[in-house]
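S.K.: Can you keep this structure in mind? I'll have questions shortly.
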Amino acid sequence: MRVYRTAPTRAFTTFSNALLRDATISWCAVGLLAYLVSLPNGARASIRKLSEQRKEGRDRIGAALRELEEARYLRRLTRRDRTGRLRTEYEVFDTPYDPEAPAPDPAEAPAAGPTPRTVGNPASGGRDDGPPGPLPPGEKTGVKQPPSPAVQLLTSLGRSDPRLALGAGEAERLRTLVEEWWAVGASDALIREALTSGLPTRVHAPAALVADRLRRKKPAPRPAAPVRPECGVCGTPVPEGASCARCDPATPAVAGFVAAALRGSASVRQVLRRRC
């Protein structure tokens, strides 16, 4: 398969490969989540409106929303609006949220971690305002550079184990720790084994767990291989401080060989003279 990609310069949304390849949710749920994450904050969406935009009916859209809720990509919040009426809002995440963390108060500053997008649910009292408008000023419109090899390695962990799904920002913050492993000679397979083996049943903070293991399990630098002295002429290993028996004429073996060669050449010359 060949993949052709374009580099959009405006009105685009970036998704982690861990989200798009999460095998725990269906294709319908992945597509619906990708659409919801692309909406600006405060956009209105309903099962009826979503089913009208695609071929899936209301039943499939409703099932996909429940699936996303069970996988912790979507959270329902019930709040009271200015008129005093209760209404339900959906918070949509591009990374499974921590169920132990309390739901954020919209009046407070957002906490660290995956940033949810709030999507109104007209079925509970809100209005369906139709398709979303232009992107808000905070949306990025520049062309993103390809992630570094360390970031690619970290974001790929979620494909083998969804408990280690990391966002692009989290992976970028941990990039230098992976590069430190490479600097001491560790392979990608060794890093994956250190990060994925013996995981707890539930991982509430994947980025914190990965950071702890990268710092705590980093192997010691490999000792440099000892340099064996060798002859500078023929490359034969020789003991420290010794001379090469083959190449150094001062050694007894070479001296004897030279003497024997001289005697042999003298004998050959004498024989040749007698024949002449």
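The values are calculated or read from the model by the stated rules, or taken from the named source; none is laboratory data. Predicted model, so just to flag it, every value in this text is computed and none were measured. Every residue, glycine among them, receives a Cβ derived from its backbone with ideal geometry; neighbour counts consider all protein chains shown.
S.K.: Taking Leu50 as the residue in question, decide whether it is buried (at least 18 other Cβ atoms within 10 Å of the Cβ) and either in contact (Cβ under 8 Å) with a residue 40 or more places away in the chain or over 23 Å from the mean Cα position of the chain (by Cα) (or both).
M.R.: For Leu50, the condition - buried (at least 18 other Cβ atoms within 10 Å of the Cβ) and either in contact (Cβ under 8 Å) with a residue 40 or more places away in the chain or over 23 Å from the mean Cα position of the chain (by Cα) (or both) - is met.
S.K.: A follow-up question, please. Answer yes or no: is there a residue in segment 79-88 that is surrounded by fewer than 15 Cβ atoms within 10 Å (Cβ to Cβ) and under 29 Å from Ala168 (Cα atoms).
M.R.: no
S.K.: Which residues, counting only those in segment 151-166, are buried (at least 21 other Cβ atoms within 10 Å of the Cβ), part of a helix (DSSP H, G or I) and either outside the structural domain of Glu193 (by TED's automatic domain parsing) or among the small types (Gly, Ala, Ser) (or both)?
M.R.: Gly158
S.K.: Take segment 186-213 and flag every residue that is in contact with a helix residue (DSSP H, G or I) (Cβ under 7 Å, 6 or more places away or on another chain) and among the hydroxyl-bearing types (Ser, Thr, Tyr).
M.R.: If the condition is that a residue be in contact with a helix residue (DSSP H, G or I) (Cβ under 7 Å, 6 or more places away or on another chain) and among the hydroxyl-bearing types (Ser, Thr, Tyr), then Thr196 is the only one that fits.
S.K.: Follow-up. Looking at Thr201, Thr196, can you tell me which residue is of a type in the set (Ser, Thr, Tyr) and touching a residue at least 24 places away in the same chain (Cβ under 8 Å)?
M.R.: Testing whether each residue is of a type in the set (Ser, Thr, Tyr) and touching a residue at least 24 places away in the same chain (Cβ under 8 Å) leaves just Thr196.
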